[in-house]
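What follows draws every value from the coordinates through simple rules; no lab data is involved. Computed from a predicted model, the values in this text were never measured in an experiment. In this analysis, Cβ positions are derived from the backbone assuming ideal geometry, glycine residues included, and neighbour counts consider all displayed protein chains.
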Amino acid sequence: MKLALGSDHAGYPLKAHLVEFLRAQGHDVLDMGTDSAERSVDYPDYARAVAEKVAAGEVDRGIAICGSGVGASIASNKVPGVYAAVCHNIYSAHQGVEHDNMNVLCLGGRIIGVTLAEELVKAFLSATFQAHEERLTRRLNKVKAIEATYSKHA
């Protein structure tokens, strides 16, 4: 799978680990930065970079990391076509894809450790949207309608 990963300085150590972990798993990983935990940078820049790659179809999915995961989620969701969520449990990491078509996983680099992060990423990447379930497609279409309405006002 082709993936984009990005983080601010607070998420850098976890992102650096996940880039290597995912490459070892055979994934094609596009590292969107940052490249250090030492220099303070702004999470919206890196979340946006990941989200834009996902929205453009240049990658299959994205992972955005900041200190808590919350800021990365908020910024990612501003890009039309991106469905991002903070997930710090395995159920949400796969259910978000299966039920909500989540395409960007947001993680808190100061909240979870590498072992849990690996499990979350595996759950996220192994899940698929359950489009055959009418109720899930109906709900996703309602989300897309909200997005379309407000995209017109931007």
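Side notes on the structure shown:
- Long-range tail of P(r) for region 2-129 (Cα pairs > 23 Å, %): 17
- Crossing angle, helix 12-24 versus the chain [Cα axis fit, 0-90 degrees, rounded to tens]: 80
- Counting only alpha carbon atoms, the long axis of helix 134-151 and the longest principal axis of the chain meet at about 80°.
- Local electrostatic count, residue 80, Cβ distance below 13 Å [Lys/Arg +1, Asp/Glu -1]: +2
- Using a cutoff of 8 angstrom between alpha carbon atoms and counting only pairs six or more residues apart, the relative contact order for region 33-112 works out to 33 percent.
- For region 1-51, trypsin sites (Lys or Arg not before Pro) are listed when DSSP marks them as loop and at most 14 other Cβ atoms sit within 10 Å of their Cβ; the list is 39.
- Ranking 80, 99, 36 by Cα position along the charge dipole of region 2-129, where only Lys, Arg, Asp and Glu carry charges on their C-beta atoms, puts 99 farthest toward the positive end.
- Helix 43-55 vs. the chain, principal-axis angle (Cα, 0 to 90°, nearest 10): 50
- Multiplying the residue separation of residue 23 and residue 116 by 0.36 nm and subtracting their alpha-carbon distance yields 31.7 nm.
- Sparse packing (at most 13 other Cβ atoms within 10 Å of the Cβ) combined with a DSSP loop state is found for the following GluC sites (Glu not before Pro) in region 1-90: 38, 58.
- Computed magnitude of the charge dipole of the chain (debye, nearest 20; Cβ of K, R +1, Cβ of D, E -1): 480
- Summing charges over neighbours of residue 35, with a neighbour being any other residue whose Cβ is under 12 Å away from its Cβ, gives -1 when K and R count +1 and D and E count -1.
- The trypsin sites (Lys or Arg not before Pro) of region 80-144 that meet both conditions, a loop assignment by DSSP and at most 14 other Cβ atoms within 10 Å of the site Cβ, are 110.
- When the Cα positions of 63, 24, 11 are compared along the charge dipole of the chain, 63 comes out farthest toward the positive end, with charges on each C-beta of Lys, Arg, Asp and Glu.
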